[in-house]
Structure formats: C-alpha cells, structure tokens
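Have a look at the structure below before the remarks.
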Amino acid sequence: MLVSLLRQMAPQGDDKPRTTVPLRRLPARKEPSRLGILADPTRLAIFERLAEGPLAVMDLASAFPISRPAVSQHLRALKNAGLVIDRRFGNRRVYRLDPVGVAALRAYVDRFCDRALEAVKSDAEVLEGGFS
C-alpha cells in the first residue's frame, strides 16, 4: 500500500528531465569481504553453527556432507575475513566466532538498516503531511 501511494505522489512524465550522475568506480578491495564470504551457503552454515559455540574441525565436518579438508578450507576463508578465530588444543584446532569481526559486520549492515529506517520515516512523514 505504501508503495502504491508513493507511486501516486511521484512526478509524472511531463516534469523536468532529471539529470543523472555517473557512478564512481570503487577501488578493488584487498581484503576479503566479510559479507561476500558469507554468500557461500556452506560457509554461512558453518558460521551459523559456530554462533552456537566453539567447535573443533572434526565436529564441524561431521555435521556437513563435505570432507574435513573442505571444512578446513571454508574455515580458512572465514578466518582470513576476520569472522572466526582458532586455538590449538593438543592436536585439535577449535574455532569460534571472532567478536571483533562479527561486530564490524554488524556495524556494516546496521548502516544500511539505519538508512532504510530513515527513508521509511521520511516517506511516512511526507504521506502524513499530504493527507492533512
């Protein structure tokens, strides 16, 4: 309903033509993107599993239909992105989420949520003012 109201309030085709701003090319990122790393479904599932608590590679591997070396490769990618940290206990390596990396990921996502909420608030104020 909100979308249809906004479309009704949008300028029609007879208004002034709008100017476009060329998109600026962003430099390539040198470090892996925290969000991009989680685009892989297996990595995301491993990340979500580690959110429940620390686990050894063997324990993680038993929960997925992939080999232990494949799980290790996914963990290495998560570690390189700063999302997990590991600690050696004897011949076992135990992984857990890195609170610093997760906080940075959350701050990144929160920026977009904040912008979206501000846009909704602004649209609501415009709509509210139009019906008075």
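Derivation of every value follows stated rules applied to the coordinates shown; laboratory data play no part. Nothing here was measured: the structure is a model prediction, and the numbers come from that model. Here Cβ is always computed from backbone atoms with ideal geometry, including for glycine, and neighbour counts include all displayed protein chains.
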### Query
Scaled to the compact-protein estimate 2.2 N^0.38 Å, what is the alpha-carbon radius of gyration of region 33-130, rounded to two decimal places?
1.46
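I'd like the FRET efficiency for A56 and A119, computed as 1/(1 + (r/R0)^6) with the beta carbon distance as r and R0 of 35 Å, rounded to 0.05. Display every interim value, and only then the final one.
Numbers: r = 44 Å, r/R0 = 1.27.
Computed FRET efficiency for A56 and A119 comes out at 0.20.
Express in nm, to one decimal, how much length is gained between L127 and S33 on full extension, taking 0.36 nm for each residue of separation and deducting their alpha carbon distance. It would help to have the intermediate numbers written out before the result.
Values: separation 94, 0.36 × 94 = 33.84 nm, distance 3.78 nm.
Roughly 30.1 nm would be gained on extension.
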### Query
Using the count of nearby Cβ atoms within 10 Å as a rough guide to exposure, how do F47, F89 rank from fewest to most?
F89, F47
### Spin-label proximity, D40 to region 48-76 - amide N less than 11 Å from point 7 Å beyond Cα toward beta carbon
70-76
### Query
Which FRET efficiency value, to the nearest 0.05, is calculated for R68 and V109 with the Förster distance at 35 angstrom and r the Cβ-Cβ distance?
0.65
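Taking 25 °C and 0.890 mPa s as the conditions, I'd like the Stokes-Einstein D for region 86-130 in µm²/s, using the Kirkwood hydrodynamic radius from alpha carbon pairs. It would help to have the intermediate numbers written out before the result.
On the way: Rh = 13.8 Å.
Estimated via Stokes-Einstein, D reaches 178 µm²/s.
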### Message
Is there a quick way to get the dipole size of region 33-130? I mean about its Cα centre, with the Cβ of Lys and Arg at +1 and of Asp and Glu at -1; what is the value in debye to the nearest 20?
### Response
880
